[in-house]
1. Could you check the range A:106-138 and list, in sequence order, the residues that are closer than 30 Å to B:Lys138 by Cβ, more than 10 Å from chain B (Cβ to nearest Cβ), touching a strand residue (DSSP E or B) at 6+ places or on another chain (Cβ under 7 Å) and touching a residue at least 40 places away in the same chain (Cβ under 8 Å)?
2. Taking the stated definitions as given, is B:Ile205 away from chain A (no Cβ under 14 Å), in a loop (DSSP other than H, G, I, E, B) and open to solvent by 20 Å² or more (accessible area, probe 1.4 Å)?
3. Please pick out the residue among A:Glu224, A:Glu190 that is modelled with pLDDT of 95 or more and open to solvent by 50 Å² or more (accessible area, probe 1.4 Å).
4. Does B:Ala179 fit the bill of being more than 14 Å from the chain's Cα centre (by Cα) and outside any loop (DSSP other than H, G, I, E, B)?
5. Would you confirm whether any residue within the range B:85-101 is more than 14 Å from chain A (Cβ to nearest Cβ) and within 20 Å of B:Gly238 (Cβ to Cβ)?
6. On the basis of being out of contact with any Phe, Trp or Tyr (no Cβ under 7 Å at 6 or more places or on another chain), of a type in the set (Gly, Ala, Ser) and within 14 Å of chain A (Cβ to nearest Cβ), does B:Gly151 make the cut?
7. Report whether or not A:Leu47 is in contact (Cβ under 8 Å) with a residue 40 or more places away in the chain, open to solvent by less than 30 Å² (accessible area, probe 1.4 Å), in a strand (DSSP E or B) and assigned by TED's automatic domain parsing to the domain that holds A:Ile135.
8. Criterion first (closer than 18 Å to B:Ala158 by Cβ, in the same structural domain as B:Asp132 (by TED's automatic domain parsing) and either assigned to a helix (DSSP H, G or I) or of a type in the set (A, V, I, L, M) (or both)) does B:Leu106 satisfy it?
2 protein chains.
Amino acid sequence: MKYIDTNNCRLEIGDITTSSLDEKLNFTYAHVKKVVIVDENSRENCLEYMLTNFTGLSEAEIILLPAGEDNKQLNIVGSVWEALTEYGVSRHDVIINLGGGMITDLGGFVASCYKRGLDFINIPTTLLSMVDASIGGKTGVNLGHYKNQIGVFSDPVAVYIDPVFLSTLPGYELLSGYAEMLKHGLIHSEALFSSVLQAMREDEIPSLDLIESCIRVKHEVVTEDPTEKGKRKVLNLGHTIGHVLEGHFMNRIPLTHGHCVAIGIMMEAYISYRRGMLAEEDFRLVQDAIFEFYELPAYSNDEVGEMVAMLYNDKKNANNAILCVLLQKIGDCSYDIEVPESQFVEAFLHYKNLQINMN
Amino acid sequence: MKYIDTNNCRLEIGDITTSSLDEKLNFTYAHVKKVVIVDENSRENCLEYMLTNFTGLSEAEIILLPAGEDNKQLNIVGSVWEALTEYGVSRHDVIINLGGGMITDLGGFVASCYKRGLDFINIPTTLLSMVDASIGGKTGVNLGHYKNQIGVFSDPVAVYIDPVFLSTLPGYELLSGYAEMLKHGLIHSEALFSSVLQAMREDEIPSLDLIESCIRVKHEVVTEDPTEKGKRKVLNLGHTIGHVLEGHFMNRIPLTHGHCVAIGIMMEAYISYRRGMLAEEDFRLVQDAIFEFYELPAYSNDEVGEMVAMLYNDKKNANNAILCVLLQKIGDCSYDIEVPESQFVEAFLHYKNLQINMN
């Protein structure tokens, strides 16, 4: 078992059946209500494993939510709060979020605002939520098409990361997580970027060591700047454009969060390159890596206008300027860079034309 | 101007036109969007005063909400978040809550969760919100009949308390605030309790000094225990029963929050007395004071059952036991006291019979 401790939260990486969870359920939370929040996927693939291995969950209430990012909405949050009220859950009880990023983001928000906050534990079951969503204290839900528009910073008491759950994931879900791992590489070092790319090429579930390396990159950044006043913004590499793509395509074609981030990374690398910040060689390396695994979604000129308009609602903006993370080299980026609308339009049009040429 | 400073928040008590607000609007927040949240009452009675006196608000967006505690609900919160998104409000902008407790509670929650939190300023316009709701970092909304079931702890950057707004309040609104001031007296000292009672008898708007004394009582308690792990619970005197009355009568007869708290204080004093904790003389003093100003609402035997059932959902409970603040003497209370259901039933029935005798 590997441990990462923060002020408020312990991360354990490895076999969950030998983790501290059993003790938590049978000691810390022995005499309180336990509520497990799952979606259709984690109920199908992970819940039985948990109930079989943890007797402390035998009397837990199970709240089942519909799967998918488009259900990470306020009406679902409201219905969970109503269910908790019906079960008579108090602020001394505990919520266990078992699922992907949708469940850990939404469940964390649910727990942080119910009766002004009760303890919650995250058990991420997708690669994306293991390396990204369940660490760093961000909770939230979407408001219509606006990603994570509503939420709070709030830490789980513990996060358990066990690759046992990855074996049930479809390939596109693994790729979604790998996109954030590529991002961690781009932020941190060429070595990490290469290791992630190599694991992807070997078409395998990433090793515990590689998962841990990526988590440590995120962990270091969020420890330094938990509420994203500065440095933490580097984690948004690929997300300025990625969030817009995700919102735009949400109800039309099923693009994962990581897929959108991967395309976002490439487009933002293109902007970095066109501004003379990123060497052409590095830009090509990034673009080739993304194209190797992720398809470009098709969009029209009108849609470029719509997506560029959405950029103005990004949470990182200030004074009505679009602020973006740009790449300086593989392993180093800068944040809070004001990028004029015209450069985003150029990037969207460049890849729109590329899309046509590739077909 | 009187000042009370906490870690995160400054309170200014006195003439708002000579307070630091003008500087804040024209310096700290000069270049960001300002959003003022009002309800029908504060728009009618307070908004013009603010717009006339503060040029820094000339371009503010105004969000108007329907008045009344029964509108302190999630659907209203959702519509405010949608309005903020439409106005392109960023996390660098500022929200100004101008109104009673419904506006400061709901507006504080709106601000704390929008894009994971932006600055907000409270300008309470009712006596209740001046002495209670806008201090102490509690934000929240009701979930159906459950009072403040959803919320977070989050401090405004500043609170401006100016009695100029009190002159427009109807008598029952003043009485609502006075109930919390009586509570501050009961928690703190016989002297404060008597001063509040005397001001009520003189049928006047309370003096700046008396308002300040009550705020200081609350301020001392919440500074010691901001997230209500212990000591802060004393502020819930009268609220275990008060919240249930408020939820129960919400859609039927218009009882103010303070009115319900006043009746709750009396019933909880009755329980304290019946348990032998509170001397009969002190109990009579409390009961007489409450009966002098607040009417008992009528309820049936069936309603007693319904209300007692609602007690189990109080946020302060643990392990399915009802925990209550009880009075030891005027000026001293104890918290986390487990009170069996039967003693609540007895209190509700006692005052039900008293109600009949009084008619």
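1. A:Leu106, A:Gly107, A:Gly108, A:Ala111, A:Asp119, A:Ile121, A:Ile135
2. The answer is yes for B:Ile205.
3. Checking each option against the conditions leaves just A:Glu190.
4. No: the conditions fail for B:Ala179.
5. Yes.
6. no
7. no
8. No.
The values are calculated or read from the model by the stated rules, or taken from the named source; none is laboratory data. Because the structure is predicted, anything quoted here is derived from the model rather than measured. Every residue, glycine as well, gets a Cβ built from its backbone with ideal geometry; the counts of neighbours run over all protein chains shown. These area figures cover heavy atoms from the full protein model, side chains too; ligands, DNA and RNA do not enter into them. Shrake-Rupley method; radii C 1.70, N 1.55, O 1.52, S 1.80 Å.
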